[in-house]
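FYI, it's all coordinate maths here, none of it is from the lab. All values derive from a computational prediction rather than experimental measurement. Cβ sites come from the backbone with ideal geometry, for glycine too, and all protein chains shown count toward neighbours.
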Amino acid sequence: MSTIQVKNLTRTFQIFDKKPGLGASIKSIFYRPQRTVHAVENVSFEIKQGELVGFIGPNGAGKTTTLKCLSGLLYPSSGNISVLGFKPSDRKYEYLNQIGFVMGQKNQLWWDIPPQETFLLNKAIYNISDTDYQKRLDFFIKTLDIGDIISVQTKKLSLGQRMKCEFVAALLHNPKVLFLDEPTIGLDVIAAQKIRDFVKEINQQFKTTVILTSHNMNDVKELCKRVILIDQGRIKFDGLLSNLTKKFAELKILKFVFENKISKTDIKKFGEIVDGDGYSYTIKVSKEKYLSVASKILTTLPVTDLNIEDTPIEDVIRQVYTDKN
Amino acid sequence: MVKYIRIAINTLQEYFVYRVNFFFGRLQVFIFFVMFFSLWSAVSAGRSSLGVYSIPQIYSYFVVGYIIKAFVFTTRTADIGGDIQNGNFSTLLIKPISTLKYYFSRDIIDKLFNLFFMFWEFILILLLFKPELAMPSLFNFIAFILFLFLSIISFFFYSLVISFIAFWSEDAWSSRFLFGVVFITIFSGQYIPLDFLPPVIGKILDYTPYPYMFYYPLKVWLGQIDQNMIYLRLLNGSLICIFFYFLSQFMWLKGKQKYQSYGN
């Protein structure tokens, strides 16, 4: 049985569009025409226990709204959600005890006091035994290297340090389902990598079901085998990340290195040049033609090295976003 | 229960972070009393009473009133409206805790904190100014404590109701200012005793919760309400408390369905 089942989920919001200017502001005191926006429309999917699924899409696609519906923060306008057998919007303690939510742009740590005080509070809230608490805290301190920061006031921590502590606060009770909304936003490459390694580790070690939204493709590439691509509130793709490329990528990337300097005009006729300095070129060629193009270049030009790659996932997703497919 | 004690402990720790705030907060109490006694000793010079109040009763009205203000009207529930509007309320909603008990734990520690320091300040002020205060009989003192308890609970639910308006309206602060500050300050008798106002206004205010949170407890302290009336006022106060409890629960049930969890 699936841990998460979502069937025909729709969530709408009432939006008021204000025209620019002071006059429009004064008018808006008396009259505010509302319109309904479908943040999520007829979304259905299932996630099994222990899966790590990436929820991707452009800004305003409906990713965070879906996560908020799954966690029980938002009531769905229509449709059914079941997580661990519970209806999230009921907000039953038995349900909330089994989920964790890390919001990249919201603090659950108490701002004025050190993170360890929030940890102790969560220990009490989730009724964690002394032994489990100490064991898990030790594990998190070691894995995230936060031993020297948990006693420093939260507001004095850097963003990366704070995010690590946010993870600890969300995971101390060993949730069965973890929602991650932009967990690496604003982090430098080292901190982001540390967070990714950590998510991977807890997913493997504790079989935690993880749903991740991120605009950082490295998060998705490194962590998620399966992705759900959502745009304008509707699911455009649900499957293995590798299949996303197969389904949507129309192009292949060919990288050549030559013995002599080759002019751009000689290369242009084979495909669109992405990069090149005369001695090496990277070109984009359609999936149907790339084999014949590679063969032609190999026979007509002095090639010393050839590399054929799929279109980078970022480009594929960008293509899907802009509806070029 | 343990979780709410821990919330109270964390709240207390927050207070100790801002040492300057803490110091100035206490200084403010002291300055208030210095000003109060200087002003009223000038106003009451050559008088033995003011309206229905003797001078010791006037002193008691404002001194005991100050304690009621610090104990009843300090609340962390005022933050809820803003938290609903900016989406920070979400961090609370995803935890298996009661929102009501969470804020009540914070309020209780807030009140105890105030009471602890106010006790020493009060002793100091009594020693310095040696004011003659009207003291209640044992019966009135017990009734006063009951009233105080009712006022705390009533105001807590009243304040929740004001904050929950933010589920429906984006103007969370204007309703807080009007109902939580202006109405409370004026209609509860904090500026002037309500019997200084025209009787018709006093009669209208009897049908509102405000006098029950400040004015009537003080009238009980001063012994200006007879025993039967005390019972009646206590009954009315209890009904007001129950009304605001149910109203806040209703608004919570409906409001959380309207909650939009703004921001990412």
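Here are the numbers for this structure:
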{"item": "Matching residues in region A:210-260 - criterion: being buried (at least 17 other Cβ atoms within 10 Å of the Cβ) and at positive phi", "result": "A:Gly233"}
{"item": "Selection within region A:293-307 - in contact with a strand residue (DSSP E or B) (Cβ under 9 Å, 6 or more places away or on another chain) and exposed (fewer than 13 other Cβ atoms within 10 Å of the Cβ)", "result": "A:Leu298, A:Pro302, A:Thr304, A:Asp305, A:Leu306, A:Asn307"}
{"item": "Qualifying residues in region B:249-263 (those that are under 16 Å from B:Ser169 (Cβ atoms) and among the hydroxyl-bearing types (Ser, Thr, Tyr)) - the one surrounded by the fewest Cβ atoms within 10 Å (Cβ to Cβ)", "result": "B:Tyr262"}
{"item": "Qualifying residue in region A:39-62 (condition: more than 18 Å from A:Thr213 (Cβ to Cβ) and within 9 Å of another protein chain (Cβ to nearest Cβ))", "result": "no"}
{"item": "Residue list for region A:174-198, restricted to those being β-branched (Val, Ile, Thr) and assigned to a strand (DSSP E or B)", "result": "A:Val177"}
{"item": "Answer from B:Val2, B:Val43 - the residue that is within 14 Å of another protein chain (Cβ to nearest Cβ) and of a type in the set (Val, Ile, Thr)", "result": "B:Val2"}
{"item": "Residue count for region B:134-150, restricted to those that are exposed (fewer than 14 other Cβ atoms within 10 Å of the Cβ), assigned to a loop (DSSP other than H, G, I, E, B) and within 23 Å of the chain's Cα centre (by Cα)", "result": "1"}
{"item": "Matching residues in region A:63-79 - criterion: being farther than 25 Å from A:Met217 by Cβ and either within 13 Å of chain B (Cβ to nearest Cβ) or not small (Gly, Ala, Ser) (or both)", "result": "A:Gly72, A:Leu73, A:Leu74, A:Tyr75, A:Pro76, A:Ser77"}
{"item": "Those helices (runs of 4 or more DSSP H) lying entirely in region B:162-247 with at least 1 residues under 22 Å from B:Phe144 (Cβ atoms) and out of contact with any helix residue (DSSP H, G or I) (no Cβ under 6 Å at 6 or more places or on another chain)", "result": "B:183-187, B:215-221"}
{"item": "Close pairs from region A:153-168: first over 18 Å from B:Glu14 (Cα atoms) and in contact (Cβ under 8 Å) with a residue 40 or more places away in the chain, partner outside any helix (DSSP H, G or I) and polar (S, T, N, Q), Cβ under 7 Å, at least 6 apart", "result": "A:Glu166/A:Gln108"}
{"item": "Counted residues, region A:90-125 - those being among the aromatic types (Phe, Trp, Tyr), touching a residue at least 40 places away in the same chain (Cβ under 8 Å) and more than 7 Å from chain B (Cβ to nearest Cβ)", "result": "2"}
{"item": "Some residue of region B:85-105 being surrounded by fewer than 21 Cβ atoms within 10 Å (Cβ to Cβ), in contact with a Gly (Cβ under 6 Å, 6 or more places away or on another chain) and closer than 30 Å to A:Ile128 by Cβ", "result": "yes"}
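So that you can scan it fast, the table gives a plain yes or no per residue for (1) in contact with a Cys (Cβ under 9 Å, 6 or more places away or on another chain); (2) in contact (Cβ under 8 Å) with a residue 12 or more places away in the chain; (3) more than 14 Å from chain A (Cβ to nearest Cβ):
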site: B:Leu222; (1), (2), (3): no, yes, yes
site: B:Ile230; (1), (2), (3): no, yes, yes
site: B:Leu234; (1), (2), (3): no, yes, yes
site: B:Ser238; (1), (2), (3): no, yes, yes
site: B:Phe246; (1), (2), (3): no, no, yes
site: B:Gly255; (1), (2), (3): no, yes, no
site: B:Tyr262; (1), (2), (3): no, yes, no
